[in-house]
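Read the structure below first, then the notes.
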Amino acid sequence: MSTVAVRLVDAAADLAAAYAIRDEVFVVEQGVPVELERDERDADAEHFLVLVDGEAVAAGRLVVEDAGYEGIDPGLGPVGHLGRLAVRAPFRGSGLGVALVDALVERARERGLRALYLGAQTHAVGFYRRLGFAVTGEVFDDAGIPHRHMVRVL
Ligand SMILES: CC(C)(COP(=O)(O)OP(=O)(O)OC[C@H]1O[C@@H](n2cnc3c(N)ncnc32)[C@H](O)[C@@H]1OP(=O)(O)O)[C@@H](O)C(=O)NCCC(=O)NCCS
């Protein structure tokens, strides 16, 4: 039996591990230009890591956007923006993606956020739908990959 842990990044080594996973998945596997993969929001994001038996295998981040972000009802207040969700290829399909999203949603709740947003790659829409997110708006392009806007109200 392996041990799964999800934790908020609080050390430089953890942050480096999160960036390494993002590089592997988005830059190497999906061909996203590295200058787009890292952005200015990394500085104020909360980063999360999933560890299996102590090995970092998945990463994601939570950023807080202003009320009204992406047309979400401003009455819901600031919007929790989930992003850069990546599970290393050999570890997919065993529930780690769900564990990661659950941790980010729980953190958003703790911070009092009521509206959540993510830009889903179209292949992953079904994954997020099962986690309570609903598609809004049209398909849009981000870094050459088709995406859909998805929202969940807590
Ligand atoms: C999308 C991603 C995060 C999902 O993580 P994962 O660990 O493979 O997902 P899980 O094992 O937690 O999946 C849970 C369930 O969702 C399903 N699922 C996984 N990916 C899916 C997808 N793309 N569409 C529909 N369902 C999906 C799984 O089959 C599983 O179903 P089950 O419980 O009936 O077996 C992962 O595939 C990934 O990192 N992909 C590459 C990077 C990427 O595209 N990130 C998303 C950017 S928006």
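The values are calculated or read from the model by the stated rules, or taken from the named source; none is laboratory data. Because the structure is predicted, anything quoted here is derived from the model rather than measured. Heads up, the Cβs are rebuilt from the backbone with ideal geometry, glycines too, and the neighbour counts pull from every protein chain shown.
Remarks
- Of all residues in the range 45-61, exactly one satisfies the criterion of being in contact (Cβ under 8 Å) with a residue 12 or more places away in the chain, among the charged types (D, E, K, R) and within 19 Å of Gly93 (Cα to Cα), namely Asp53.
- Set Leu118, Leu131, Leu100, Leu104: member being among the hydrophobic types (A, V, I, L, M, F, W, C), buried (at least 16 other Cβ atoms within 10 Å of the Cβ), under 22 Å from Pro78 (Cβ atoms) and more than 9 Å from the ligand (Cβ to nearest atom): Leu104
- Restricting attention to the range 30-40 and to residues that are within 15 Å of the ligand (Cβ to nearest atom) and of a type in the set (D, E, K, R), the residue that is nearest to Pro90 (Cα to Cα) turns out to be Glu37.
- The set of residues from the range 19-36 being assigned to a helix (DSSP H, G or I) and either in contact (Cβ under 8 Å) with a residue 60 or more places away in the chain or loosely packed, with under 13 Cβ neighbours inside 10 Å (or both) comprises Ile21, Arg22, Glu24, Val25, Phe26, Val28, Glu29, Val34, Glu35, Leu36.
- In the range 118-125 there is at least one residue that is outside any loop (DSSP other than H, G, I, E, B), touching a Lys or Arg at 6+ places or on another chain (Cβ under 7 Å) and either modelled with pLDDT under 95 or farther than 13 Å from Gly83 by Cβ (or both).
- Enumeration of residues in the range 106-132 that are over 24 Å from Phe26 (Cβ atoms), in contact with a helix residue (DSSP H, G or I) (Cβ under 8 Å, 6 or more places away or on another chain) and of a type in the set (A, V, I, L, M): Ala115
- Test for Gly80: is it closer than 16 Å to His149 by Cα, more than 9 Å from the ligand (Cβ to nearest atom), crowded, with 20+ Cβ neighbours inside 10 Å and of a type in the set (Gly, Ala, Ser): yes
- Test set (1) more than 8 Å from the ligand (Cβ to nearest atom); (2) at pLDDT 95 or above - Glu138 fails condition number: (2)
- Matching residues, the range 53-74, being assigned to a strand (DSSP E or B), over 20 Å from Val135 (Cβ atoms) and among the small types (Gly, Ala, Ser): Ala56, Ala58, Ala59
- Test set (1) more than 30 Å from Ala16 (Cβ to Cβ); (2) away from the ligand (no atom under 12 Å from the Cβ) - Glu65 fails condition number: (1)
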